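The values are calculated or read from the model by the stated rules, or taken from the named source; none is laboratory data. This structure is a prediction, so every number in the text was calculated from the model and none was measured. Note that we place each Cβ from the backbone using ideal geometry, even for glycine, and neighbour counts take in every protein chain shown.
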Amino acid sequence: MKDTSEIPVSLKELDSDGGITKIWALNGKNNFRLGRGPDNDITLPYTWVSRKHTMIQVDGLGLHSIIDLGSSNGTFLNGKRVICSCPLQNGDKILLGKTKLIFFQNTEEIPVFDIEHDATLDRTVAFLQRDVVTILVCDLRNFTHLSELIGNQLISKLLQYWTKQVSRIINQHNGIVDKFIGDAVMAMWIGGSNKANIKQALMTTLEIQHFTQNMGENMPEIPFEMGIGAALNTGEAIMGNMGVDGRRDSTVIGDVVNVAFRLEEITSTSGMDLLMGGESAKYITDADSYFTVKGYSVKGKEEQILTYGCTFEELRKFIAVTAD
């Protein structure tokens, strides 16, 4: 292995034992693209790595950041999925599928900022950006009643099974699982075409419903057919890695998220399986021909929220009619 002491910034590939197998110097460019394809700056010829997987960027101050390029298996930084551009620090661990990488930057090369005495940095985020995002919220129907019937042990087993399969479905449709909150999941689609993202989110919703409805085939302990309520909303959100002292957690915040959760709550009494915000519907041609248009009062909003609703059967027909 060649001496890297004179390389100020580099990326190192690790084997399963943590040994260094390859080293790439990160100098002379502002962008370094990583992926399976031969046209990348750093080629990682593995099936679990996308053709164009992730990119490391360098700003004018010499600070490096990493951003995912819509990869199938995601980019993870220190165990957290990268959902927007994230700053890199010496020793950061990067995971692309099964490929383990470590970012190295000679401490003498890192721009020095006196953040110890900067009260502003102590109480704000490390890195933020605004972007248009499509949010999907799905919630298990009749979960409280089911919990009373089958008990905590089986509920725990059910949730583990459900979250695993729901994560798989979301990832297959190029979505990102933001979080599971009890019996609900929040997923998002960022970047690329909003129209394509919304279609992927709608197909994801239908597939999650189909899986949930048939979950009893693999879990006969479930005493009745299950289902979900779902809401879709599109709008600008703030995304970033919140935290101080090196503790960073990816998060998405904004009105688009709050409204999505409010709309999902309304599905339980609206007679609709899915409610979609008006901003999402703008990207669907003739949306009012396929969905029921109605305004709902939402907590925290002075004016009603215009929604486009449907049953899952109507959603199934819409997807079939509009299939490419």
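Just a yes or no: is a residue in region 76-83 in a strand (DSSP E or B), surrounded by fewer than 16 Cβ atoms within 10 Å (Cβ to Cβ), of a type in the set (A, V, I, L, M) and out of contact with any helix residue (DSSP H, G or I) (no Cβ under 9 Å at 6 or more places or on another chain)? There is no residue in region 76-83 that is in a strand (DSSP E or B), surrounded by fewer than 16 Cβ atoms within 10 Å (Cβ to Cβ), of a type in the set (A, V, I, L, M) and out of contact with any helix residue (DSSP H, G or I) (no Cβ under 9 Å at 6 or more places or on another chain). Here is the figure for region 35-61: residues that are of a type outside the set (S, T, N, Q), over 21 Å from the mean Cα position of the chain (by Cα) and more than 14 Å from PHE103 (Cα to Cα) total 11.
Candidates in region 163-199 are the residues that are touching a Phe, Trp or Tyr at 6+ places or on another chain (Cβ under 7 Å) and under 17 Å from ALA237 (Cβ atoms); of these, the one that is surrounded by the fewest Cβ atoms within 10 Å (Cβ to Cβ) is ASN194. Taking region 281-311 as the range and being within 23 Å of ILE181 (Cα to Cα) and buried (at least 18 other Cβ atoms within 10 Å of the Cβ) as the test, only VAL298 passes.
Of the candidates SER268, SER297, the single residue that is touching a strand residue (DSSP E or B) at 6+ places or on another chain (Cβ under 9 Å), over 23 Å from GLU207 (Cβ atoms) and modelled with pLDDT under 95 is SER297.
Only residues that are closer than 30 Å to ARG130 by Cβ and among the charged types (D, E, K, R) were counted in region 218-237, giving 1.
Within region 227-251, the set of residues being modelled with pLDDT of 95 or more and assigned to a loop (DSSP other than H, G, I, E, B) comprises just one member, GLY227.
Taken over region 141-184, the criterion of being more than 20 Å from ALA230 (Cα to Cα), hydrophobic (A, V, I, L, M, F, W, C) and in contact (Cβ under 8 Å) with a residue 24 or more places away in the chain is satisfied by LEU149, ILE150, LEU154. Of all the listed residues (SER280, SER268), the sole one being assigned to a helix (DSSP H, G or I), among the small types (Gly, Ala, Ser) and under 22 Å from GLU236 (Cα atoms) is SER280.
Please indicate, with yes or no, whether at least one residue in region 120-132 is in a strand (DSSP E or B), modelled with pLDDT of 85 or more and touching a helix residue (DSSP H, G or I) at 6+ places or on another chain (Cβ under 9 Å). Checked against the condition, which is being in a strand (DSSP E or B), modelled with pLDDT of 85 or more and touching a helix residue (DSSP H, G or I) at 6+ places or on another chain (Cβ under 9 Å), region 120-132 yields at least one hit.
Taking each residue of region 185-203 that is of a type in the set (Val, Ile, Thr) and looking for partners that are assigned to a helix (DSSP H, G or I) and buried (at least 20 other Cβ atoms within 10 Å of the Cβ) with beta-carbon atoms closer than 6 Å, six or more apart or interchain, yields VAL185/VAL166; ILE198/SER280. Taken together, SER16, SER10, SER71 contain a single residue that is among the hydroxyl-bearing types (Ser, Thr, Tyr), more than 26 Å from ILE238 (Cβ to Cβ) and assigned to a loop (DSSP other than H, G, I, E, B), which is SER16. What's the total number of residues in region 155-182 that are under 9 Å from the mean Cα position of the chain (by Cα) and among the hydroxyl-bearing types (Ser, Thr, Tyr)? Residues flagged as under 9 Å from the mean Cα position of the chain (by Cα) and among the hydroxyl-bearing types (Ser, Thr, Tyr) within region 155-182 amount to 0. Every condition in (1) free of Cβ contacts under 8 Å to residues at least 24 places away in the same chain; (2) over 23 Å from GLU265 (Cα atoms) holds for GLN304 except the one numbered (2).
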